[in-house]
Amino acid sequence: MKQITPKTVILLLPLLAACFFSCKKDPIEEPENPPVEEISRGIYVLSEGLKDHNNSILTFYDFDQGTTTDAFLAANSRGLGDTGNDLQIYGSKMYCVVNVSETVEIMDLKTAKSLKQISLSGRSPRRIAFADGYAYVCCFDGAVVKIDTSTMSVTATAQAGSNPDGICTANGKLYVSNSGGLNYPNYGNTVTVFDLATFSPIKEIPVVINPTRIASDSQGDVYVVSNGNYGSVPMTFQRIDSQIDEVIQTFDFSVTNFAICGDLCYFYHYNYSTEQYSLKVMNVLTEQIVNEQFVTDGTTLRTPYGIAVNPENGEVYLTDAYQYTTNGDVFCFGSDGRMKFSFEAGICPSCIVFKQ
């Protein structure tokens, strides 16, 4: 065998190097991050379902495709629970209050994927409001539960009045309507005011009996619906001045449900005896009716149940619960009062939020 000398090695180095580099695999290029797919625009609709049937549904309607999906079931392979009462968006999360199941479901807004389910066992939660990084849930046991929206954990509990059934914020304060709905015929007749900085009650505002829905406008006025006793005391719509925390106006028309968008309040009144309803518009700056009949194309509903306004374009959404035992529908009206489209949701569709 011929001996390999150092000189031979030196002569062979270029050949070995060429062989090495020709045999070496090409480096694998790291793929670029795939473009983020644009999130569909649309609306989420919470349908309460029937009590003790465990059939609350979160429907998503895709504006671009015109299609609906059972969003929560698709994202989580389970149902929402029993009797969904409220649905609200805060930041990048969506919050659903499920009354009979006694939970607050916190979801990712983009996907409806559950991030956490908070148990409020024994409290019968009803509605939710937000301020300064916290969620506040009023419960039928009289409690208001404070939730840190970053940690998604309960941080404090305070006491309101009898069977709270509505909650909102205004002027650095929290307003809770005490319906007393479980104490028939001795309904509640107050709105409890909390200082948000200390989370402590500071005043009880007398209102007409059985106060339920409550919301504030951009001026800090708080509007509250009192259902009365469904007989001698009629439904009453009232305005609270949050500067002095007193009722300063009782309107001469009845309101069943309402939604405030900008300077306009869209509301309907449904007469359960005659099964007739009206949908009107009021300017919250002047407190005057500016449209006596919003729907202009003759579209009729059987049993109006929910109302919402898209802040992006002024579209008004009304839900129809029909006989409360079958799937309801959602109707979209343009700002001209003409229906643009409709779609089917679940039983008793009540709350709508917008995913822009």
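Read the figures in this text as sums done on the coordinates, not as results from a lab. Just so it is clear, the structure is predicted and the values come from calculations on it, not from any experiment. FYI the Cβ positions are ideal-geometry reconstructions off the backbone, even for glycines, and counts take in every protein chain you see.
Values for this structure:
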read-out: Output for segment 102-114, where each listed residue is surrounded by 18 or more Cβ atoms within 10 Å (Cβ to Cβ), outside any strand (DSSP E or B) and in contact with a helix residue (DSSP H, G or I) (Cβ under 8 Å, 6 or more places away or on another chain); value: ALA112
read-out: Tabulated pairs, segment 220-249, first on the phi > 0 side of the Ramachandran plot, second of a type in the set (Phe, Trp, Tyr), C-beta under 8 angstrom, 6+ apart or interchain; value: TYR230/TYR272
read-out: Entirely in segment 231-283, the strands (runs of 3 or more DSSP E) that have 1 or more residues that are surrounded by fewer than 17 Cβ atoms within 10 Å (Cβ to Cβ), touching an Asp or Glu at 6+ places or on another chain (Cβ under 7 Å) and aliphatic (A, V, I, L, M); value: 246-250
read-out: Filtered residues of segment 328-344 (kept if without any contact (Cβ under 8 Å) to a residue 40 or more places away in the chain, more than 19 Å from the chain's Cα centre (by Cα) and either part of a strand (DSSP E or B) or closer than 20 Å to PHE60 by Cβ (or both)); value: PHE333, LYS340, SER342
read-out: Count of segment 299-321 residues which are buried (at least 16 other Cβ atoms within 10 Å of the Cβ) and either free of Cβ contacts under 8 Å to residues at least 24 places away in the same chain or assigned to a strand (DSSP E or B) (or both); value: 11
read-out: Single residue of segment 158-191 satisfying the filter (without any contact (Cβ under 8 Å) to a residue 40 or more places away in the chain and outside any loop (DSSP other than H, G, I, E, B)) that is surrounded by the most Cβ atoms within 10 Å (Cβ to Cβ); value: PRO164
read-out: Pick from segment 284-298, criterion in contact with a Gly (Cβ under 9 Å, 6 or more places away or on another chain) and loosely packed, with under 14 Cβ neighbours inside 10 Å, ranking: farthest from ILE202 (Cα to Cα); value: ASP297
read-out: VAL224 vs. criteria aliphatic (A, V, I, L, M), within 24 Å of the chain's Cα centre (by Cα) and assigned to a strand (DSSP E or B); value: yes
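Table: residues versus (1) within 18 Å of GLY306 (Cβ to Cβ); (2) not small (Gly, Ala, Ser); (3) not in a loop (DSSP other than H, G, I, E, B).
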{"position": "LEU87", "(1), (2), (3)": "yes, yes, yes"}
{"position": "TYR95", "(1), (2), (3)": "yes, yes, yes"}
{"position": "VAL100", "(1), (2), (3)": "no, yes, no"}
{"position": "LYS116", "(1), (2), (3)": "no, yes, yes"}
{"position": "ILE128", "(1), (2), (3)": "yes, yes, yes"}
{"position": "CYS138", "(1), (2), (3)": "no, yes, yes"}
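Here's the yes/no breakdown for (1) more than 25 Å from THR69 (Cβ to Cβ); (2) not basic (Lys, Arg):
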site: ALA112; (1), (2): no, yes
site: LYS116; (1), (2): no, no
site: ARG126; (1), (2): yes, no
site: ALA129; (1), (2): yes, yes
site: CYS138; (1), (2): yes, yes
site: ILE147; (1), (2): yes, yes
site: THR155; (1), (2): yes, yes
site: ALA158; (1), (2): yes, yes
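Every residue, every condition in (1) touching a residue at least 40 places away in the same chain (Cβ under 8 Å); (2) touching a Ser or Thr at 6+ places or on another chain (Cβ under 6 Å), yes or no:
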position	(1), (2)
ARG78	no, no
GLY84	yes, yes
CYS96	yes, no
VAL104	yes, no
LYS113	no, no
GLN117	no, yes
LEU120	no, no
PHE130	yes, no
